[in-house]
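The values are calculated or read from the model by the stated rules, or taken from the named source; none is laboratory data. Keep in mind it's a predicted model, so treat the numbers as computed, not measured. Using ideal geometry, Cβ is built from the backbone for each residue, glycine included, and neighbour counts are taken over all protein chains shown.
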Amino acid sequence: MNKFQDKTVLVVGGSSGIGAATALAFANAGARVTIAARNAERLAAVAAQAKDGMETAVLDITNAGDVEAFFVARQAFDHVAISAAQTPTGPVRKLSLEDARKAMDSKFWGAYAVARAAKIAPGGSLTFVSGFLSVRPSKTSVLQGAINAALESLSRGLALELSPVRVNTVSPGMINTPLWDKLPQDTRQGMFDAAAQRLPAGRVGVADDIAQAILYLAGTGFATGSTVLVDGGGSIS
């Protein structure tokens, strides 16, 4: 029996990249999926790819009032996954404090607000998406590593506080998603090729690699307080 059949799932950040892949993977597994993000057109485009459609909701998780109102109006979900973030990056001494705070608001405090307000059925799950920079820091992305580490620590604490809801984190490495589309195509491909040569897995990741890890944690009743690295070996290479 499919463990996600008719389960209710919310994917925050479900309009592109990892979030969209996760939403579609849950839908293909029989779940009734709601996707939330800031861009209504992108949400609609993802929902149209699901055989039975998806509910969509425009939501800015940096607005705590909107997050609370969203959950007040809904019944408890069986599973919630959070993959929403827009994080300016750069060396600490060059990244403005304003941009640094925006990054924290988007990836950490936004996830915190969702975790605080979300209604999740007992035995259900909450899954964060962090990143391998928490364990393999980069001198040009120090803040991102710190945010990822904070998310992973939050997850472990919430696994205790929210029990019997299970709380876990998936930590991706380099993933080929629209996040990198702002780079020129040649530059982007060169970056991916160099990473593939360096990584033990021999390739960069795709969004579905992370989606499958999220479904694994959501569907594994003995998994809580865990951080699962899906980085092609990036943290050890």
TODO: Having 1 or more residues that are among the aromatic types (Phe, Trp, Tyr) is the bar; report the helices (runs of 4 or more DSSP H) wholly within the range 4-98 that clear it.
DONE: 17-28, 64-72
Task: The lone exception for Met191 - which of (1) assigned to a loop (DSSP other than H, G, I, E, B); (2) modelled with pLDDT under 95; (3) surrounded by 14 or more Cβ atoms within 10 Å (Cβ to Cβ) it fails - done: (1)
Task: Residues being in contact (Cβ under 8 Å) with a residue 24 or more places away in the chain and either in a helix (DSSP H, G or I) or closer than 17 Å to Ser155 by Cα (or both) - total across the range 122-141 - done: 13
- [ ] Pick out the one residue from Ala47, Ala20, Ala40 that is touching a residue at least 40 places away in the same chain (Cβ under 8 Å) and among the hydrophobic types (A, V, I, L, M, F, W, C).
- [x] Ala20
Open item on the list: For Val67, only one of the following conditions fails: (1) within 18 Å of the chain's Cα centre (by Cα); (2) farther than 14 Å from Gly19 by Cβ; (3) loosely packed, with under 14 Cβ neighbours inside 10 Å; (4) of a type outside the set (Gly, Ala, Ser). What is its number?
Closed with: (3)
Task: Criterion violated by Gly221 - all others in (1) in a loop (DSSP other than H, G, I, E, B); (2) over 20 Å from Ala25 (Cα atoms) satisfied - done: (2)
TODO: Any chance you could count how many residues in the range 122-140 are over 15 Å from the mean Cα position of the chain (by Cα), closer than 20 Å to Pro172 by Cβ and surrounded by 15 or more Cβ atoms within 10 Å (Cβ to Cβ)?
DONE: 3
TODO: May I ask you to list the residues in the range 102-121 that are among the charged types (D, E, K, R) and either assigned to a loop (DSSP other than H, G, I, E, B) or surrounded by 18 or more Cβ atoms within 10 Å (Cβ to Cβ) (or both)?
DONE: Asp105, Lys107, Lys119
Open item on the list: Quick check on the range 154-185: of everything there that is at pLDDT below 95 and in a helix (DSSP H, G or I), which residue is surrounded by the fewest Cβ atoms within 10 Å (Cβ to Cβ)?
Closed with: Gln185
TODO: Could you tell me whether the range 24-37 includes any residue that is at pLDDT below 95 and either surrounded by fewer than 14 Cβ atoms within 10 Å (Cβ to Cβ) or of a type outside the set (Phe, Trp, Tyr) (or both)?
DONE: no
